[in-house]
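> Have a look at this one.
The values are calculated or read from the model by the stated rules, or taken from the named source; none is laboratory data. What you see is a predicted model; the values in this text were computed from it and never measured. A quick note on method: Cβ atoms are made from the backbone with ideal geometry, for glycine too, and the neighbour counts reach across all protein chains shown.
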Amino acid sequence: MVIFQVNQLKFSYDETPVLKGISFDLDHGSILGVVGPNGSGKTTLIKCLNGLVKPDGGDLEFEGRDLANFSRREIARTIGYVPQAENQTFPYTVFDAVLTGRSARNRWKPSEGDLTAVARTLAEMGLDELALRDVRELSGGQLRKVLIARAFAQDPRVLSLDEPMASLDLCHQLEVLNTVQNWLTDDRAALITFHDLNLAAKYCDELLIMKEGEIFARGGPEVLTPETIEPVYGVEVEVNENHSTRWIEPKRPLTGNRG
């Protein structure tokens with residue numbers, strides 16, 4: 001069953017096309033991974049889904065309702081967003097930074113339910129010991145986890161995470177992705193952009209491979225083959241599979257242009 005539908009989405013910066021008629025569905029209870037090289041349009045796609053930029057054309061629908069008719073508050077209650085990069089300069093504690101994720105669900109001050117939700121999220125993310133730390137004192141990886149926790153605290157129906165693994169070591173990458181999996185229910189879904197194809201193959205139910213603002217290939221992890229990876233990334237690869245595990249080994253750059 002579809003929770004989010006994208007039809008012929010187009011976007012340009014100035015007169016340069018960045019998204020060229022993107023169409024796909026996001027199903028309830030699933031993780032959709034978006035992969036592709038730098039400049040393929042992944043971040044712009046995420047920004048369109050969150051209402052941060054206005055598409056030039058196409059439709060975005062949440063459970064059949066046009067996202068263009070949502071208020072900013074409704075979008076914030078519906079979609080949890082973690083940007084690729086954020087420079088946090090305000091003197092927030094970790095607790096207060098995560099609490100800002102509840103702002104769309106209260107008016108003037110947080111409720112007891114808001115405080116409980118934040119405390120629970122910090123515990124689930126392993127951040128409770130940092131709750132009173134100034135965010136300006138955090139490492140890049142710690143701040144990344146705080147931003148992800150803020151999105152969880154929103155209690156959204158859809159999580160949209162733009163390169164959430166940036167600045168995280170391998171242990172914390174797996175921890176975050178396992179948390180996303182555990183967060184999923186039949187009433188929720190997640191869309192995540194990845195650079196790491198192996199993590200995408202391990203955690204995603206479906207993948208979009210993007211190239212130059214278009215969907216080059218789409219399908220389950222089995223869509224990751226030399227025939228779909230090499231023309232997009234310009235790298236010779238070997239794809240191995242053992243039972244349900246698929247992993248990609250890069251070999252060498254291909255000569256000539258991609259595609």
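> Return the residues of region 85-132 that are buried (at least 17 other Cβ atoms within 10 Å of the Cβ) and among the basic types (Lys, Arg); say none if nothing qualifies.
Hits for region 85-132 are ARG102, ARG105.
> Among the residues of region 160-196, what is the count of those that are touching a strand residue (DSSP E or B) at 6+ places or on another chain (Cβ under 8 Å), part of a loop (DSSP other than H, G, I, E, B) and surrounded by 16 or more Cβ atoms within 10 Å (Cβ to Cβ)?
5
> Only one of these conditions is not met by GLY58: (1) in a strand (DSSP E or B); (2) among the small types (Gly, Ala, Ser); (3) crowded, with 18+ Cβ neighbours inside 10 Å. Which number is it?
Evaluating GLY58 over (1) in a strand (DSSP E or B); (2) among the small types (Gly, Ala, Ser); (3) crowded, with 18+ Cβ neighbours inside 10 Å leaves (3) as the failure.
> Let me ask something else about it. If you take the residues of region 136-159 that are part of a helix (DSSP H, G or I) and among the small types (Gly, Ala, Ser), which of them is nearest to LEU32 (Cα to Cα)?
First pass over region 136-159, keeping only residues part of a helix (DSSP H, G or I): 136-137, 140-153.
This time we only want the ones that are among the small types (Gly, Ala, Ser), so: 140-141, 149, 151, 153.
Numbers: GLY140: 25, GLY141: 23, ALA149: 20, ALA151: 17, ALA153: 21 Å.
Here the residue is ALA151.
> Also: Give me the pairs, please: first residue somewhere in region 142-153 and in contact (Cβ under 8 Å) with a residue 24 or more places away in the chain, second residue anywhere and of a type in the set (Phe, Trp, Tyr), beta-carbon distance under 7 Å, and either six or more positions apart or on two chains.
Filtered contacts from region 142-153: ALA151/TYR81; PHE152/TRP183.
> Could you check region 85-110 and list, in sequence order, the residues that are among the polar types (S, T, N, Q), at pLDDT 90 or above and under 24 Å from the mean Cα position of the chain (by Cα)?
Taking region 85-110 as the starting set, the residues that turn out to be among the polar types (S, T, N, Q) are 87-89, 93, 100, 103, 106.
Narrowing the set further to residues that are at pLDDT 90 or above leaves 93, 100.
If the condition is that a residue be among the polar types (S, T, N, Q), at pLDDT 90 or above and under 24 Å from the mean Cα position of the chain (by Cα), then THR100 is the only one that fits.
> Now a separate question. Anything in region 151-182 that is more than 11 Å from the chain's Cα centre (by Cα), acidic (Asp, Glu) and on the phi > 0 side of the Ramachandran plot? List them, or say none. Spell out the reasoning first.
Quick first cut of region 151-182, residues more than 11 Å from the chain's Cα centre (by Cα) only: 152-157, 166-176, 178-179, 181-182.
Now drop any that are not acidic (Asp, Glu), which leaves 155, 169, 175.
If the condition is that a residue be more than 11 Å from the chain's Cα centre (by Cα), acidic (Asp, Glu) and on the phi > 0 side of the Ramachandran plot, then ASP155 is the only one that fits.
> Then there is this: Please go through region 75-114 and pick out each residue that is within 22 Å of ILE46 (Cα to Cα), in contact (Cβ under 8 Å) with a residue 12 or more places away in the chain and not aliphatic (A, V, I, L, M).
Once the filter is applied, which keeps residues that are within 22 Å of ILE46 (Cα to Cα), in contact (Cβ under 8 Å) with a residue 12 or more places away in the chain and not aliphatic (A, V, I, L, M), region 75-114 yields ARG77, THR78, GLY80, TYR81, PRO83, GLN84, GLU86, GLN88, THR100, GLY101, ARG102, SER103.
> Does region 197-214 include one or more residues that are assigned to a helix (DSSP H, G or I), touching a Lys or Arg at 6+ places or on another chain (Cβ under 8 Å) and under 21 Å from ILE22 (Cβ atoms)?
Checked against the condition, which is being assigned to a helix (DSSP H, G or I), touching a Lys or Arg at 6+ places or on another chain (Cβ under 8 Å) and under 21 Å from ILE22 (Cβ atoms), region 197-214 yields no hits at all.
> Here is a further query. Might you check whether a residue that is outside any loop (DSSP other than H, G, I, E, B), under 22 Å from THR43 (Cα atoms) and in contact (Cβ under 8 Å) with a residue 24 or more places away in the chain occurs anywhere in region 115-135? Spell out how you get there, then give the answer.
Taking region 115-135 and keeping what is outside any loop (DSSP other than H, G, I, E, B), we get 115-124, 128-130, 134-135.
Okay, now just the ones that are also under 22 Å from THR43 (Cα atoms), so none.
So far as region 115-135 goes, no, none of its residues is outside any loop (DSSP other than H, G, I, E, B), under 22 Å from THR43 (Cα atoms) and in contact (Cβ under 8 Å) with a residue 24 or more places away in the chain.
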